[in-house]
Amino acid sequence: MTEIFGVPVAVLLGQLLLGLINGSFYALLSLGLAIIFGMLNVINFAHGAFYMLGGFAAWFLLSRLGLGYWGTLLAAPIMVGALGVLVERLLLKRLYRMDHLYSLLLTFGIALMVEGLFRHIFGSAGMPYPVPPSLTGGINLGFIFLPLYRGWVIVISLVICILTWLAIERTKLGAYLRAATENPALVQAFGINVPLLLTLTYAFCVGLAGFAGALAAPLYQVSPGMGSSIIIVVFAVVVIGGMGSIGGAIVTALGLGIIEGLTKTFYPAASSIAVFVVMVLVILIRPSGLFNREA
Amino acid sequence: MLKCPPTAKSEKHTWEGHMAEAALLNVNNLEAWYGESHVLHGVSFDVRKGEVVTLIGRNGAGKTTTLRSLIGVVGKRRGTSLFKGVDLLNVAPHKVARMGIGYVPEERGIFSTLSVIENLMFPPAWQAGGMEIDEIYGLFPNLKGRDHTPGTRLSGGEQQMLAIGRILRTGADFILLDEPTEGIAPVIIDEIGAALRILKARGMTIILVEQNLRFAASVADRHFVLDQGKVVDEISNNALDANMDRLNRYLGV
Ligand SMILES: Nc1ncnc2c1ncn2[C@@H]1O[C@H](COP(=O)(O)OP(=O)(O)OP(=O)(O)O)[C@@H](O)[C@H]1O
Ligand SMILES: [Mg+2]
């Protein structure tokens, strides 16, 4: 069997694949975080909670209401997005004129409450969630056996990230969003309903988190702690990519997933801190992030 | 080719039909605050259709704040500002533009993340009768061929042209212009002046905030003097020369 630095190639590719899958989730989450930060100037600590809610919504719809996998994958993000509308309209909206810190504390509080509530109701153990029948099994790519569901996760995450990026960079609506990031008062003076735009942006981004949660359910089980365990890494991704840079968030997320995978192969003990080591290095060398326009 | 100004016939059924000499905009006792600080203390003036009026006054007099109050981007407001019979103080900020009011801010507000053409195409056209892109290029030839340059790479004067040009696309017939000549080369000031006279000939109504009296006199019908958040005087453009001393006292020159 071929080896690279004493590691069998198949093992290496397997870890790379796992890294890419983690990276896909980082991308879906950090993309939303970066957009919310850019547009609303809010550091959305509740993002992990919305991810977890997406997982639970999917679990509830599947196991209690008998909705199929595809139905839940569509309905869960819509439910989470609707919750996002409420949070933005009732709470966040009041804090835009104030320092970042207020909205950060608010969203952090929301995250703690939601997670606490779910731990209270469901306990800490995970809820099993089956891989949909249409995506069980796998394909042998010759050099590696690719479970179908994992391939699906990578493909759909990439497609959604790219579509979102295109919508922001290439469409009229995206131009409104970009301009509103720079000068919301002026965009409003041109007749565009900026408050509505902000609500929809927040709803869409937390909806993306909900989608990621539903997508993750068959891979990682659904548990109250799933959001808080991933969100710290996602914040590191956003810091490394540069707060507010959307393309940067996607590329960084996938890159870091892969770096994590490689560390797991060559030096497993460091795998859980690899991302943070990169973050420290980036902060030292380029404090505003790798892809920040204003850097 | 520039289109003809709207004909009198098409106006017959608008509110003006009933109030022949009434103003298009009537600002009465307008007060405004930024947070706790009270900046406008009762601004009153009127603008008739097709007129160019200026707001002049020294730095900090409240000229910019007056424009911003009309479109609703200050904190608290009081008083009335009737535009086409509707009090703008009751209109949501994002609906003001839909009534045909175009705003060109003092800092120009060109979006750096958008190219020249994206900036130009940015504001939605809320009313019919807006200019075509080619007409705008005709008015401001400097913008031509710069489509894909990032908006903020243009010179200050070109950015000013872009800021005015993008409003002309929207069909706005009432334009709020905040110091378009500030910090701009004399050649370009002349071009902007020529463009404003063309717009006026097309029937546009304009409020011009201006510190450059010579420029103001070259386009305006009437001048309102602002001081410490109030309109303290009104001078018609014909009487400007005769009142230069008085004016210079207000401006503290
Ligand atoms: N965002 C703000 N917050 C608090 N105070 C402000 C703000 N903007 C302006 N002011 C204050 O309001 C007053 C009027 O300012 P404004 O900008 O309307 O003056 P201006 O006549 O346009 O002056 P200039 O000729 O310098 O542009 C000034 O005293 C200014 O310091
Ligand atoms: Mg000003």
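Nothing in this text is a laboratory measurement; each read-out follows from the coordinates by a stated rule. From a predicted model like this one, the values you see are computed outputs, not experimental measurements. No Cβ is skipped: glycine too gets one built from the backbone with ideal geometry, and neighbour counts run over all protein chains shown.
Distances between every pair of Cα atoms in region A:50-193, grouped in 5 Å steps from 0 to the bin holding the largest one, split as 2, 7, 10, 14, 16, 16, 13, 9, 7, 4, 1, 0 percent. Distances between placed amide hydrogens fall under 5 Å for B:E51 paired with B:I206, all partners being 5 or more residues away or on another chain. Highest mean first, the peptides A:18-27, A:61-70, A:203-212, B:195-204 sorted by other C-beta atoms within 10 Å per residue fall in the order A:203-212, A:18-27, B:195-204, A:61-70.
When you look at the Cβ of every residue in B:165-173, what mean number of other chain Cβ atoms sits within 10 Å?
Details: counts 0, 1, 1, 0, 0, 2, 0, 2, 0.
Mean inter-chain Cβ contacts per residue within 10 Å come to 1.
Each label was represented as a point 7 Å from its Cα along the Cα-to-Cβ direction; for B:H38 and A:S228 these points are 5.1 nm apart.
Taking each residue in B:99-108, count the Cβ atoms of any other chain within 10 Å of its Cβ, then average. What number comes out? Could the numbers behind the result be given before it?
Values: counts 1, 0, 2, 3, 5, 1, 4, 0, 2, 1.
Mean inter-chain Cβ contacts per residue within 10 Å come to 2.
The mean sequence separation of alpha-carbon pairs under 8 Å and at least six residues apart, normalised by the residue count of chain A, gives a relative contact order of 38 percent.
Of A:G123, A:G225, A:G84, the residue with the greatest mean-square motion in the GNM of chain A, using alpha carbon springs below 10 Å, is A:G123. Beta bridges per DSSP, both residues in chain B: antiparallel share near 60 percent. Highest-first packing order for the peptide set B:123-134, B:207-218 is B:207-218, B:123-134, based on the mean count of other beta carbon atoms within 10 Å. Measuring max minus min along each principal axis, the C-alpha atoms of region B:59-173 give extents of 45, 35, 22 Å (largest first). Summed over qualifying helices (DSSP H, 4 residues or more, each -39500 (n - 2.57)) and divided by its residue number, chain A shows a 222 nm mean residue ellipticity of -24500 deg cm²/dmol. As a proxy for reagent exposure, B:V74, B:V104 were ordered by neighbouring Cβ count within 10 angstrom, fewest first; the result is B:V74, B:V104.
If R0 is 56 Å, what FRET efficiency do you get for A:L65 and B:L240 from their C-beta distance, rounded to 0.05? Write down the numbers at each step before the final one.
On the way: r = 76 Å, r/R0 = 1.37.
Calculated value: 0.15.
Quick note on the protein assembly as shown: its Rg to Rh ratio, both from C-alpha atoms and Rh being the Kirkwood radius, is 1.09. Rounded to whole numbers, the Karplus 3J(HN,Hα) couplings from phi for region A:246-262 are 7, x, x, 4, 5, 4, 4, 4, 5, x, 5, x, 5, 4, 4, x, 5 Hz, using 6.51 cos²θ - 1.76 cosθ + 1.60 with θ = phi - 60°, and x at Gly and Pro. Straightening the chain between A:W152 and A:T136 buys 4.7 nm, computed as 0.36 nm per residue apart minus the Cα-Cα spacing. Each listed q (0.19 Å⁻¹) maps to a log10 I(q)/I(0) for region A:1-108 from the Debye sum over equal C-alpha point scatterers, namely -0.98. With 23 Å as the limit on Cα-Cα distance, the pairs of B:K95/B:K144; B:K63/B:K200; A:K93/B:K230 that go past it are B:K95/B:K144; A:K93/B:K230. Scalar couplings 3J(HN,Hα) for region B:110-119, obtained by applying the Karplus form with A = 6.51, B = -1.76, C = 1.60 to θ = phi - 60°, are 6, 7, 6, 7, 10, 6, 4, 5, 5, 4 Hz; x denotes Gly and Pro. Building the convex hull from the alpha-carbon atoms of region A:153-223 and averaging its projection over directions returns 5.6 nm².
Using bins 5 angstrom wide from zero, how does P(r) for region B:142-223 break down, in % of all Cα pairs? All Cα pairs, binned at 5 Å, distribute as 3, 13, 27, 26, 19, 9, 3, 1 percent. Here the label points at A:A167 and A:H100, each 7 Å from Cα along the C-beta direction, are separated by 2.6 nm in the simple model. The phi torsions of region B:34-41, fed into the Karplus equation with coefficients 6.51, -1.76 and 1.60 and a -60° offset, translate into couplings of 9, x, 8, 8, 7, 9, 9, 10 Hz, rounded to whole numbers, with Gly and Pro shown as x.
Take each residue in A:175-185, count the other chain C-beta atoms within 10 Å of its C-beta, and the mean is 5. What is the distance in Å between the Cα centres of region B:133-173 and region B:195-242? First find each Cα centre; the distance between them is then 23 Å. Computed from label points 7 Å out along Cα-Cβ, the spacing between A:V7 and A:V159 is 3.1 nm.
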